[in-house]
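The values are calculated or read from the model by the stated rules, or taken from the named source; none is laboratory data. Just so we're clear, the structure is a prediction, and the values are computed from it rather than from any experiment. A quick note on method: Cβ atoms are made from the backbone with ideal geometry, for glycine too, and the neighbour counts reach across all protein chains shown. We work out accessible area using only protein heavy atoms, side chains counted, and drop any ligands, DNA or RNA first. Shrake-Rupley method; radii C 1.70, N 1.55, O 1.52, S 1.80 Å.
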Amino acid sequence: MTRREGARALTAAAAEAFVRDWHTALCAGAPAAELVPHLANGLRLELPDHVVRGAEEFTAWHTAGQRLPLTGGDFAATPLEVHLSSPVHAEVSCALPGGPGRGPVRQTWWLVLQQGAPRLRTLTVHPESATGPAAEPRPTAATVPAAPEAAVTALPPAAPDPVPAAQPALAGA
């Protein structure tokens, strides 16, 4: 992974690069010891069949070779949607088509800037139908309020992270 130490704010380009680099390293079989330093405190990996919490569970999950829900497909060519929710938080999502042994999924990555570098806090894998996510129903006169108010979607406030020790970049950075 490319080293991005010292940033004061997370940028869309840094968030996208982090997701692509980390995913590439995972798919290439990088050992857990190279991936773990890029995980934030309180990691949560939400897979279709179970949840992995923290670096220790991640290492056990990775070592057991259960990476299929996160790997496969042409991730390099997959468009990523990046939303910066604060100077230190980003949401990155993408839709991946199905492939051998796996169906189509949507991945949502929540990143946090820690010690000037992006870290993975939460990664959720949502299975999708072969034709994509279900279409949202169109509003009708019965469902539209008489005086519509602007809906605001806010991210939950993130608890401050304890300052972790300096963490090395992946090999080859």
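What to note about this one:
- Peptides 27-34, 111-118, 90-97 ordered by average Cβ neighbours within 10 Å, highest first: 111-118, 90-97, 27-34
- Given R0 = 35 Å, the distance between the Cβ atoms of Ala77 and Glu56 translates into a calculated FRET efficiency of 0.55.
- Segment 47-116 - percent of accessible surface contributed by carbon and sulfur, probe 1.4 Å: 57
- Restricting the trypsin sites (Lys or Arg not before Pro) of segment 7-111 to loop positions (DSSP other than H, G, I, E, B) with no more than 11 neighbouring Cβ atoms within 10 Å leaves Arg8.
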